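The values are calculated or read from the model by the stated rules, or taken from the named source; none is laboratory data. Only a predicted model underlies this, so the values are computations on that prediction, with no experimental measurement involved. Cβ atoms come from the backbone with ideal geometry, glycine included; neighbour counts cover every protein chain shown.
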Amino acid sequence: MIDFSVLLTNSLAQLVGTSAVFYALLALGLNVHFGYTGLLNFGQIGFALVGGYGMGIAVTRFGFPLWGGVLFGMACGAALGVLLGIPTLRLRADYLAIVTIAAAEILRLVTRSTSQTDLTGGTQGLTGYADAFTAANPFDRPEYSYLGVGFVRTELWAICAGWTAVALCVLLLWLIVRSPWGRVLKAIREDEDAARALGKNVFAYKIQSLVLGGVMGALGGIFYALSVQSLTPDFWSPPQTFFAYCALILGGAGRVLGPVIGAMLFWAFLSFADGLLRQATGGTDPLIGFIDTQDVGAIRFVLVGIFLVLLMVYRPQGIFGNRREMTLDAR
Amino acid sequence: MRPPGRGRPGDPGPPRRPVRLLLTILIPAAALLGLAAPALAGAVVPAVTQETIPVDGTLRNADGTFLSGVTVEALDSGGRQVDQTRTDAQGRWELAVPAAGTYTFRIDPESLPPGTELLQGEVTRDIAEDRLSVVIFRFGEEGEGLDTSTASQVLRLLVDGIRFGLVIAITAVGLSLIFGTTGLTNFSHGEIVTIGAVLAWTVNVTLGVQLIWATLIAIVLGAGFGALNELGLWRPLRRRRVGLIAQLVVSIGLGIALRYAVLIFFGGRSEPFVDYTSQIARSYGPIALTDKDLTTIIVSIAVMIGIALLLQRTRIGKAMRAVADNRDLAASSGIDVDRVVLFVWMLGGGLATLGGVLFALSELSSTVYWEMGFRLLLLMFAGVILGGLGTAYGALLGCLIVGVVVQLSTLVLPVDLKYMGGLAVLIVILVFRPQGLLGSRARIG
Amino acid sequence: MPADEAVRAALAGVAPEPGAAKPDPILVVDDVTRAFGGLKAVDVAHLEIQRGAITGLIGPNGAGKTTLFNLLTGFDRPGSGRWRFDGRPLHGLAPHRVARRGVVRTFQLTKALAKLSVLDNMRLGAPKQTGESFFGALLTPWGRQEKANTEKAHELLVRFQLDAKADDLAGSLSGGQRKLLEMARALMMDPTVIMLDEPMAGVNPALTESLLRHVKSLRDDGMTVVFVEHDMDVIRDISDWVVVMAQGTVIAEGPPEALSSNKDVVDAYLGAHHDRALEFDAEGNPIGETAELVTEMESVELGVDPSQTPTAQSVGLDRPDRGERT
Ligand SMILES: Nc1ncnc2c1ncn2[C@@H]1O[C@H](COP(=O)(O)OP(=O)(O)OP(=O)(O)O)[C@@H](O)[C@H]1O
Ligand SMILES: [Mg+2]
C-alpha cells in the first residue's frame, strides 16, 4: 500500500534537492527578465546550456581550471544575453517569446549536431570536467542524514554549493531591485515608452537585464553540469524553461524570493505526485491498475501542464502574491 | 526528419537526401524519450534501475514494405552474441543488452527475403542507460540513376522546400487566424496538429479505414477538437478578461499537458499509416516526386486557394477579416464575434489535422509520432511571424520561405541542423522588420 | 515686466501666418513629413516655437498633432525633415536623448506606471541619478540624491494635489489624476521645453484652474510650453501663441485673440461648437447637427473674406477621412 512517510521524506528532500537549486537559478534569472523587466524570455534553458557547456568545454577542451571554467560559463551566459538582445529586444513581447525559444533550440540543435562532436561531444555528450569539483568535496562520510532525510555525500556537496550560489544571487537581487536601477527596470516593464520619455535608455537597461538574468541561468546550467557530472544535449530542451516559469509564477513573479520558494515547492509537489503515482501503479497489486508505471513520468508532465494552466487562471500572482501588485497582466 | 543515429566510424554518415535511397524508418521517439523525460527524471528521482537496456528498430525495404522474420543480433565489444531476435510482421525488432557500452548490431543476410539488397547490415553503437536506442539498417540501391549535379540538387530541394512550406502553411493558417481574431499566441497549436494526425492514424490503423477517408473523418474530429478548445478554455478565459500574456502561458501549459497525454495514450514510437507507405519516385522532367509528395503539393495548393476564396468571397470569411481588423468595430457593426472565433477555431483545427497528416506523409515517412506537432510549432511560428502575425496571406508567404530555407540549408549545413535554418531566418528577418513581412506597425502615444 | 507680458510683447510684431518667424525661437521645424500608407499624417513646411512662451496647438481630431509630437521627441521616424532645438539639430535622436536634452513630452493616453507607487513614478523622473546605473546602484551611495529627489517629488505632488496619494500605486489613480501625475513626473526632469498632449482632458474644472495657473508659473520659471488642447477657453486663457493644424499641415498661427476676433468663422465653430461631436455618414457627408452647422457655415462663407475660408473648413468641417472637399 502507499507509504506516506517515504513519500513525505522524499518530497522533503526535493525541497532542497538539486532540482530545486537548478530551477531556482533558472527562475531567478527569469524573474529579472520577466518579473522585473517584462521581457518574455522563453529561451532561458539556452542560457543554462551555454553556461554548462561553456564550463565543460573550457575545462575539457581548453584545459581551464574549474574556477576558470565556471567564470567562462558565466561569461558565455552574459555574451548570449548581449548577442540575443541586440536583434530581439525591439520586438513585441510575443515575438520575443518565440524568438528566444528559437534561439535556445538552435543552440541545442548545434550542440547535439554530429558536426560539433569534437567540441561538444555531439549526442554522446561531455564528461570529465567535474573532477576538481568532486575532489573539493569537504564531506567525508558516505551518507548524511538530517531530519530523517538522507543525502549521499556527493549530492550534499552539490546542494551546498548550489544553495550558496542561490543565496548570492538572491542577495545581489535584493540589493539591486530596490535601487533606482531596479526602479527603471520596473518602469520598463510597466511602459517602456514612458521610461523613454523620462530619458531612460530602455535598450541598454534591457540588455543589462538580459545579461544579469542570463548569467543566473548560466549558473544554473553550470550547477546542473557539476551535479550530474555529464552533459547531454537533449536535456536542454524547451520544456525546461516552461518548468522554470511554473516555479516563477508559483512563487510569485516580481518578488525577490518568489522564484526560490516556487522552485522548492514545485519540485516537492512534483516528487510527491510522482512517488504517489509510482506507488499506486507499481508493485504486485497496484492500486491503479490501468496505468503503467512507465507512464508515470509522462503523467507527471501532464500534471505540470494542467498545474500551469490552473495557476495562470486562478492565481497568476503566485501563492503568496497579492493580486493588486501582480506583475503579470491578467486583467 | 530527425537525425539518424550515428553510424560506425568510416560510415559516410546519414544520407543527405532520402528520396530514393531507402532506409529503415527512423524511430525518433526513442531519442525523444531520451530527451526531457528521463533526463529530467534523472535530476529529480533516481532513474528506475533496469536490468537490461532495450534497443530497437524497424526494418523496411526500399519499396517501403516491412521486412518480417529477419534475424537481428547484438554482439558485445568482444564479439560475443548477447541477444538475438526476429522481426515481427511490422518489421519491428527489439533486443536487450545487459549494460551500457558499445555493441554491434547485425542483420543475418541469410534470413532476408530473396532479392533484398542490404546496404548496411551492421551498425556499431554506444548504448547508454538512460535512453532508448534505435538502430537503423539501410536497404535498397543507393543514389541509383540520381542526377547529382548542383543545379538539379537545388531544384529538388526547392521542390521539397515548397512542399514542406505548403504543409507548414496549412497547419499554420489556424495559428495565424486565431491570433488575428483573438490575439492569442497559441503555443498548443502543435498539439492540435499531433492530435489530428493521431486521430487519422487511429481511424486508419485501428479501425481499418482507408487513409483518405480516415483523414476526412479526422478533419471533422479535429475541427471538433478546435471547437472544444475554444468553448472549453479560451472563451471562458476571455470572459474572465485573462490578459494575452497570461493566455500565452496558459497555452504553454495546455501544450505540455496535451503532448504528454498523447505520449501516454499513443506511446513513444513512430507508428506508420497502413496506406501510402511506399516511397517510389516518378520523374517529372528534371524532378522526381513520389506520388504522395505530389498529392501533398496538389492538396495543399487546392486548400490554400479554398481558404483564399473563403476569406474573400464568403460572408463568414469577410466577417473573419473584419474581426481580425478591429474586434470592437466588428462587434458593434453586428458581427457575432464569438461565432466567428468559434468558426476560426474549427477551421484551424481541421486544417491542422490535414496538415498533420500531410506532414506525416511527406516528411515523416508516413509515420505519426507524439511530438511531431511540437517539432513543427517553431517553424509554424517562424512562417507566420515572417508574414506578420495575423495576416493570412503573409502567413502563406512566410511559411513557404521557411520551408524552402529549411530544405535548401541542407546544401551548406549538416542534415541534423536543417531546422536551424528556418529558425535563423526568423531571427534575421525580425531584426530588420520587427513587424513581420506584411504586418504593420502599432501606433505610439 | 512679468514674463507673460514680456512674451506677449515679443510676439506682438509677429505676423499671424503659418510658418511665421519668431524673434527668439527655441524649436525650429523644417519640412517634416510623416505618412502612414497613403495618408499624410504630418506635413509641416516650417514652424517656430518662441522661447519662454506658451504655445497652444489645436486642430480637429486626426490633424496630426500627436504624430508631430511623436516625431519631434524621437518616438516616431519622419519620412523627411529637420528640426533644431536651441540651434542644435534634434532630429534622428533616440527618444531618451531628446528627453535628456530637455525636450520632455507627456502622452495623450496617459502612461502612469501602474505597479509603481506615485512617489516612485515621480522619483523615476529625476535626471542624472547615479543609482540608475548597474554598478552605481551597487557601489555608490545614492541615498542622498534619492532623498533630495524625494523632497522635490513631494513638493511637486503637493502642487498637483497628489500628496495624499504618494504611497499608493499609480494604477489606483483616476484618469484625471493620472494626467496630473504624468505632468508632475515630466516636471521632475526640469525640462527646457515641455510638450503636453491634452493635459487637461478629463481633469475637473476646479483643478483645471489651478493647473492653468501652474502652467503659467512654468512660463514664469522660463520654461517653454507646447500643449495640445481642444478646449478653446483654455487656449484663450493661457496661450501666448496658437498654432492651428489640420490634415497634417499648419494652416494658421497667431495670438489667441486674433483667432477669435479676426477669424469669426473659426470662432463660430471652435468657440461655440467645439464641445459638440461632429457626425458623418458612411460616405463622409455631415448629418444631423453637423449638417446644420455646415449649412450655417456655408452661408457665412459667402459673406466673408475668402482668404479665411480654408481655415474654417479645415478646422471645422472637413470629413475625418480627408475627402476632396476644399
Ligand atoms: N501608427 C499609425 N498608423 C497608421 N495611422 C496612424 C498612426 N498614427 C497616427 N495615424 C493617423 O495619422 C493621423 C493623425 O493622427 P494624430 O494622432 O496625430 O492626430 P491628433 O491630431 O493627435 O488627433 P486627436 O486630436 O484626436 O488626438 C490620423 O488620421 C491617424 O489615424
Ligand atoms: Mg492626439
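Within the stretch C:11-60, the residues that satisfy the criterion of being within 13 Å of ligand 1 (Cβ to nearest atom), more than 14 Å from chain B (Cβ to nearest Cβ) and over 23 Å from C:Val104 (Cα atoms) are C:Lys40, C:Pro60.
Which one of C:Ala45, C:Ala137, C:Ala53 is farther than 24 Å from C:Asp240 by Cβ, small (Gly, Ala, Ser) and either away from ligand 2 (no atom under 16 Å from the Cβ) or touching a residue at least 40 places away in the same chain (Cβ under 8 Å) (or both)?
C:Ala137
The set of residues in the stretch C:80-100 that are facing chain A (nearest Cβ under 10 Å) and either crowded, with 17+ Cβ neighbours inside 10 Å or hydroxyl-bearing (Ser, Thr, Tyr) (or both) comprises C:Pro95, C:His96, C:Val98, C:Ala99, C:Arg100. Residues of the stretch A:1-15 that are touching a helix residue (DSSP H, G or I) at 6+ places or on another chain (Cβ under 6 Å) and part of a helix (DSSP H, G or I): A:Leu7, A:Asn10, A:Ser11, A:Gln14, A:Leu15. For the stretch C:236-253, a tally of residues being outside any strand (DSSP E or B) and at pLDDT below 85 returns 4. Of the strands (runs of 3 or more DSSP E) lying entirely inside the stretch C:1-77, those containing at least 2 residues that are out of contact with any helix residue (DSSP H, G or I) (no Cβ under 8 Å at 6 or more places or on another chain) are C:25-36, C:39-50. Of everything in the stretch C:207-238 that is farther than 15 Å from C:Val193 by Cβ and among the polar types (S, T, N, Q), the residue that is nearest to ligand 2 (Cβ to nearest atom) is C:Thr208. Quick one: in the stretch C:167-202, of everything that is within 16 Å of ligand 1 (Cβ to nearest atom) and among the aliphatic types (A, V, I, L, M), which residue is nearest to the other protein chains (Cβ to nearest Cβ)? This residue is C:Met195. The set of residues from the stretch A:119-153 being in a helix (DSSP H, G or I) and buried (at least 18 other Cβ atoms within 10 Å of the Cβ) comprises A:Thr120, A:Gly122, A:Thr123, A:Phe133.
For the stretch B:421-433, the condition holds for no residue, the condition being that it is more than 14 Å from chain A (Cβ to nearest Cβ), crowded, with 23+ Cβ neighbours inside 10 Å and either modelled with pLDDT of 80 or more or under 30 Å from B:Asp291 (Cα atoms) (or both). With the structure loaded, tell me whether C:Gly79 is free of Cβ contacts under 8 Å to residues at least 24 places away in the same chain, assigned by TED's automatic domain parsing to the domain that holds C:Val226 and farther than 30 Å from A:Trp181 by Cα or whether it fails that test. The answer is no for C:Gly79. The residues of the stretch C:157-188 that are among the aliphatic types (A, V, I, L, M), crowded, with 21+ Cβ neighbours inside 10 Å and in a helix (DSSP H, G or I), listed by number, are C:Leu157, C:Ala170, C:Leu180, C:Leu181, C:Met183, C:Ala184, C:Ala186, C:Leu187. Scanning the stretch C:100-127 for residues that are under 22 Å from C:Asn70 (Cβ atoms), touching a helix residue (DSSP H, G or I) at 6+ places or on another chain (Cβ under 8 Å) and not in a loop (DSSP other than H, G, I, E, B) yields C:Val103, C:Val104, C:Arg105, C:Asn121, C:Leu124, C:Gly125.
Restrict the check to the stretch C:71-84 and report whether at least one residue is out of contact with any Pro (no Cβ under 8 Å at 6 or more places or on another chain) and within 15 Å of ligand 2 (Cβ to nearest atom). Scanning the stretch C:71-84 turns up at least one residue that is out of contact with any Pro (no Cβ under 8 Å at 6 or more places or on another chain) and within 15 Å of ligand 2 (Cβ to nearest atom).
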